[in-house]
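See structure below.
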């Protein structure tokens with residue numbers, strides 16, 4: 001019996017999976033050069049044509065899969081690859097050179113595509129430079145088909161597979177079938193990598209960024225992926241297996257028990273309705289949101305649209321996704337948050353020393369006005385469904401919201417003059433995630449229709465802690481009184497101006513935090529879909545006046561630990577039913 | 001033969017999507033299609049050729065159509081070069 005090995009990584013998608021390793025490896029192609037006898041030259045050309053045809057079929061299949069699973073027309077970027085594949089200049093040049101040079105097609109094809117890649121690579125424009133990736137992508141596929149190297153695909157993973165890989169390219173990640181793939185372990189990648197996003201959308205547990213992994217696992221090995229603790233266990237001992245199987249059973253039973261809860265209306269024991277909605281980043285997740293009983297989408301992250309493809313998505317591409325989501329969630333609302341990444345994600349030659357305090361989110365959008373307007377236009381056009389709200393991230397100053405509104409109105413006017421329909425009453429809100437916004441909330445509230453508190457970033461910026469940094473991540477605590485005081489400021493300012501105040505972020509789905517947040521006056525809680533049933537159960541044990549008393553007192557403590565101790569004690573005492581849920 | 005200088009108006013330049021649309025459309029006509037930028041001449045029915053021109057917004061390219069249906073070809077392709085998507 002091989003010895004048990006435990007590897008640590010980044011827990012990128014929650015859950016526990018126990019299955020057999022399926023190794024996904026990108027096979028390298030080696031190009032050789034050999035002379036071809038004149039009589040065989042025709043066959044060499046025919047071989048080339050067959051390889052092109054076969055590759056075209058492969059790409060079409062992937063495109064269909066992407067369109068089906070991510071969203072209609074989302075595989076459009078593969079069109080460019082399909083065209084590069086059948087490109088007249090390349091195909092003709094290759095054929096001609098086979099006859100002229102009397103050499104094997106692999107060698108010639110590699111030379112010809114290499115020349116194009118070189119030309120593109122010399123371009124000063126980052127976008128065109130990046131297209132080299134496409135040439136290599138296509139080229140690799142053709143060469144593999146020529147050399148008859150069978151590239152394994154995650155499509156072939158049998159039922160009960162844990163996919164083990166160094167890296168899974170985006171085009172491959174979209175082919176993961178959750179019926180067969182139950183877990184993912186990867187050497188590279190982090191929480192925002194394409195694979196992580198896909199795994200979360202499909203509810204497959206995943207550990208990424210493990211470091212050395214491939215040499216330690218073989219096809220068919222027993223593997224456990226623990227997405228709660230961020231560990232991968234290879235050759236688990238019998239005791240370990242029993243432990244995890246029990247855990248899994250418990251989770252399944254809990255989920256089953258919670259299913260009827262999804263239907264319950266989200267209100268407190270004394271009848272106050274609180275909107276419980278879902279945070280999603282992927283169209284496919286809308287299904288989970290509905291299944292778990294979300295009252296709409298409280299946060300639709302649009303970053304995926306930018307990360308999933310090379311370059312920024314067109315208005316049309318974005319519109320299709322927003323429109324489909326709005327239609328799917330009707331009659332409930334969908335809050336779409338605009339671009340919330342660093343500038344380096346769209347301007348590939350841009351780097352900075354301090355990204356979290358740098359050129360990101362709204363700061364990128366206000367500088368790159370046309371880029372910003374494209375997204376706003378797509379959102380406005382989808383708002384004809386009458387259930388879309390728009391939300392802007394990382395507002396830190398009053399000037400910023402003023403400028404955002406100016407641009408927003410400009411786009412509205414442009415649409416009007418072109419006679420393009422949109423929802424004239426669309427609500428405009430901002431994320432409250434910087435301390436400066438919280439302190440200036442009474443002024444900001446005059447300019448918007450709602451606030452949504454981003455508790456993760458608000459905590460990070462208030463406590464000046466990068467939670468991704470292991471050395472200091474223990475300093476990151478949502479329950480810190482400084483954070484709670486700011487939340488209170490925001491809620492009071494919002495209500496003072498008659499606008500609603502929501503909270504999206506991990507805190508919203510934390511059973512211990514819910515009574516506190518309700519007591520502070522939060523009107524809407526938006527959380528990951530799977531947290532919703534539990535949150536509803538918690539909510540239904542609460543009484544508003546008592547939550548308010550608890551919240552008032554919680555603000556008087558000195559440390560996060562004191563707050564948590566107090567909450568644990570008080571919540572159980574005041575709301576006896578909660579004990580059952582908290583377990 | 002029709003030959004004219006056209007300015008690229010698309011925000012992102014003649015990137016992969018409009019370029020592939022351009023080629024797809026060009027292939028529907030029998031005329032020979034060529035693009036010239038900064039003295040470099042490429043086949044207008046080759047996406048690789050077009051991409052290597054790296055046309056950004058504001059770039060001036062010469063569109064050359066030559067053949068029986070050159071008039072229709074030119075009119076159709078011009079729209080893509082001047083388009084906004």
Residues that are under 18 Å from residue A:59 (Cβ atoms) and either in the same structural domain as residue A:55 (by TED's automatic domain parsing) or surrounded by fewer than 20 Cβ atoms within 10 Å (Cβ to Cβ) (or both), drawn from the range A:155-170: A:155, A:156, A:169, A:170
Somewhere in the range A:558-567, is a residue in contact with a strand residue (DSSP E or B) (Cβ under 6 Å, 6 or more places away or on another chain), over 30 Å from residue A:9 (Cα atoms), assigned to a helix (DSSP H, G or I) and at pLDDT 95 or above? no
Take the residues in the range A:103-149 that are modelled with pLDDT under 80 and more than 9 Å from chain B (Cβ to nearest Cβ), then tell me which one is nearest to residue A:59 (Cα to Cα). A:133
Restricting attention to the range A:478-495, the residues that are over 17 Å from residue A:431 (Cβ atoms) and in a helix (DSSP H, G or I) number exactly 7
Condition broken by residue A:419, with the remaining ones in (1) closer than 25 Å to residue A:441 by Cβ; (2) not in a helix (DSSP H, G or I) satisfied: (1)
Number of positions in the range A:515-531 that are part of a helix (DSSP H, G or I) and touching a strand residue (DSSP E or B) at 6+ places or on another chain (Cβ under 7 Å): 2
Pairs under 7 Å by beta carbon, first residue away from chain B (no Cβ under 14 Å) and on the phi > 0 side of the Ramachandran plot in the range A:369-398, partner part of a strand (DSSP E or B) and at pLDDT 95 or above, six or more apart or different chains? A:394/A:431
State the number of residues belonging to the range A:181-229 that are touching a helix residue (DSSP H, G or I) at 6+ places or on another chain (Cβ under 8 Å), in a loop (DSSP other than H, G, I, E, B) and either at pLDDT 95 or above or not assigned by TED's automatic domain parsing to the domain that holds residue A:251 (or both). 1
The range B:12-85: strands (runs of 3 or more DSSP E) wholly inside it with 1 or more residues that are touching a strand residue (DSSP E or B) at 6+ places or on another chain (Cβ under 8 Å), farther than 22 Å from residue A:93 by Cα and more than 9 Å from chain A (Cβ to nearest Cβ) are B:60-66
So is residue A:139 surrounded by fewer than 16 Cβ atoms within 10 Å (Cβ to Cβ) and either free of Cβ contacts under 8 Å to residues at least 12 places away in the same chain or outside the structural domain of residue A:20 (by TED's automatic domain parsing) (or both) or not? no
Just one of the numbered conditions (1) touching a helix residue (DSSP H, G or I) at 6+ places or on another chain (Cβ under 6 Å); (2) surrounded by fewer than 17 Cβ atoms within 10 Å (Cβ to Cβ) is not true of residue A:402; which one? (1)
Filtering the range A:66-95 down to residues that are away from chain B (no Cβ under 14 Å) and surrounded by fewer than 17 Cβ atoms within 10 Å (Cβ to Cβ), which residue is modelled with the lowest pLDDT? A:72
Of (1) surrounded by 15 or more Cβ atoms within 10 Å (Cβ to Cβ); (2) within 20 Å of the chain's Cα centre (by Cα); (3) in a loop (DSSP other than H, G, I, E, B), residue A:178 satisfies every one except (1)
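Listed here are the residues, each with its yes/no results for (1) in contact with a helix residue (DSSP H, G or I) (Cβ under 6 Å, 6 or more places away or on another chain); (2) within 30 Å of residue A:536 (Cβ to Cβ); (3) surrounded by fewer than 22 Cβ atoms within 10 Å (Cβ to Cβ); (4) modelled with pLDDT under 95.
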site: A:425; (1), (2), (3), (4): no, yes, yes, no
site: A:433; (1), (2), (3), (4): yes, yes, no, no
site: A:443; (1), (2), (3), (4): yes, no, yes, no
site: A:466; (1), (2), (3), (4): no, no, yes, yes
site: A:474; (1), (2), (3), (4): no, no, yes, yes
site: A:479; (1), (2), (3), (4): yes, yes, no, no
site: A:495; (1), (2), (3), (4): no, yes, yes, no
Go through (1) without any contact (Cβ under 8 Å) to a residue 40 or more places away in the chain; (2) at negative phi; (3) part of a loop (DSSP other than H, G, I, E, B) and name the single condition residue A:498 misses. (2)
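The values are calculated or read from the model by the stated rules, or taken from the named source; none is laboratory data. Fair warning: this is a prediction, and the values are worked out from it, not measured in the lab. Reconstructed Cβ throughout: ideal geometry from the backbone, glycine too, with neighbour counts over all protein chains shown.
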